[in-house]
1. Report the label-to-label distance for residue 93 and residue 326 in nanometres (one decimal), using points 7 Å from each Cα along the Cα→Cβ vector.
2. Whole number in Å², please: accessible area per residue of region 178-311, 1.4 Å probe, ligands, DNA and RNA not counted.
3. With a bin width of 10 angstrom, please list the P(r) values of region 72-172 as percents of all Cα-Cα pairs, from the 0 bin to the one holding the largest distance.
4. Leaving ligands, DNA and RNA out of it, report the carbon-plus-sulfur percent of the accessible area of region 106-201 at a 1.4 Å probe.
5. Highest GNM mean-square fluctuation, the chain, Cα pairs closer than 10 Å: which of 317, 349, 132?
6. Taking amide H positions as placed 1.01 Å from N in the peptide plane, with prolines and chain starts having none, which residues 5 or more places from residue 352, or on another chain, fall under 5 Å of its amide H?
7. Please work out the average accessible area per residue across region 127-175, using the 1.4 Å probe convention, and give it in Å².
8. What ranking, highest mean first, results for peptides 157-170, 107-120, 335-348, 51-64 when packing means the other Cβ atoms within 10 Å averaged over each residue?
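The values are calculated or read from the model by the stated rules, or taken from the named source; none is laboratory data. Note that the coordinates shown come from a computational prediction; the quantities given were computed from them, not determined experimentally. Here Cβ is always computed from backbone atoms with ideal geometry, including for glycine, and neighbour counts include all displayed protein chains. To get the accessible areas, we keep the full protein, side chains included, count just its heavy atoms, and leave off ligands, DNA and RNA. Shrake-Rupley method; radii C 1.70, N 1.55, O 1.52, S 1.80 Å.
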Amino acid sequence: MPKLRLPKLGMNPRLLRHVLGGLLVLSLVFMAWRLMGPKDVVVALWFEDKGGGAALSREVQQSTLFALEYFNLARRGWGYRLRPLVVTGKDDREALEAIRGANASAVICGATSGFVARILPLLNQAKVPAIATNANAPSLAVEGDVLYRYSGPSGALEAGELARDLGGFQRYLAVIDGSNSVYSRGQLEGFAKGLGRDPVRVMEGDPGVMFERFRKELMVGDYDGLYLALPAYYTGIYLNMAWSLRDMGAVTSGWGVSSVSAALAGPNGTAWSVVFSPVELDMGHPFLRFLKGRIAGLPVLPALDSAYGAVSMLADALSSGGPGPQGVLRGLQGLRTVRALRGDYPLDAAGDAMLPLHRVILEDGVWRDRGVAGR
């Protein structure tokens, strides 16, 4: 029986050289891309997931994710790619371990002063720079720590001065959120100083369980004004309850200004506030145009404003100081201005944005901008 001859499985030597040469070129291109392409920079997002500030934190964190994506696209050729690491919801120690384990260059955090004050000692200990989106309690303005804030001035003093100019508030009731006392007590203190008068009574605690106490107090007490340092959701509810019982002036901290509080309060009363982020923005900004092309409904504008401002501070610090916690911290220490949605604004000695304050009024169920305070 004849032997079966199998064809030789081989390749033309010339063709083989071309294939190997092509693979070598591809390998060199890939290595060059890895060496010369954008460098990943891990940015941890650490926001409050429980308590009165959780709703605001969710909106600001989502806005921050959008801002990181936008900066990656808008700064092609920049040399860096911002990669988010969400540690929200983790135990404090677990979150810090995740930040260290990922070698995060910075933390963007918020969205309440109480939450930021709680995690700040951990960040100071780890020497990881942090940029707060919404945490404007004056007690957090400390030179030499790792915290930098886009959060602007508190507006509390100016709100008190506004109430003084409007008249009334000779006998006013203050209601503040006990879960965020770092913020709410400071706000009330600034308001009382600007007004020149302390409240007749302060109700402090969980706003979700003080409804009936508040209603009874308004029914029996002789008050001509109401001051609220509460989250937007509860601000709207308490304003609605107050106006159903009597016609009285009301001022809220900036925390209470949102479309949520406006909808819940209803159209039957008038309230004022002084805020660092206006309720209206120029929708022609490239970041807002970018969002309109990606999602059906935009997050609330103050959340977008503070998230974009924080990421802008980080991007400029990274450009000047380089990656890694030490590089970003060095860059933040050298920053003199922040490029925000509304323009360029200076930073103060503590590294906090000095944003213009806006008077806003709640009328006909809508918060409206009445211009920059002091003009």
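1. 2.8
2. Counting only protein heavy atoms, the per-residue value for region 178-311 is 41 Å².
3. In whole percents, the pair-distance histogram is 13, 36, 26, 15, 9, 2.
4. The nonpolar share, carbon plus sulfur, comes to 47 percent.
5. 349
6. Distant-sequence amide H within range of residue 352: 149.
7. Using a 1.4 Å probe on heavy atoms only, each residue of region 127-175 averages 34 Å².
8. Listed from highest to lowest mean packing, they are 107-120, 51-64, 157-170, 335-348.
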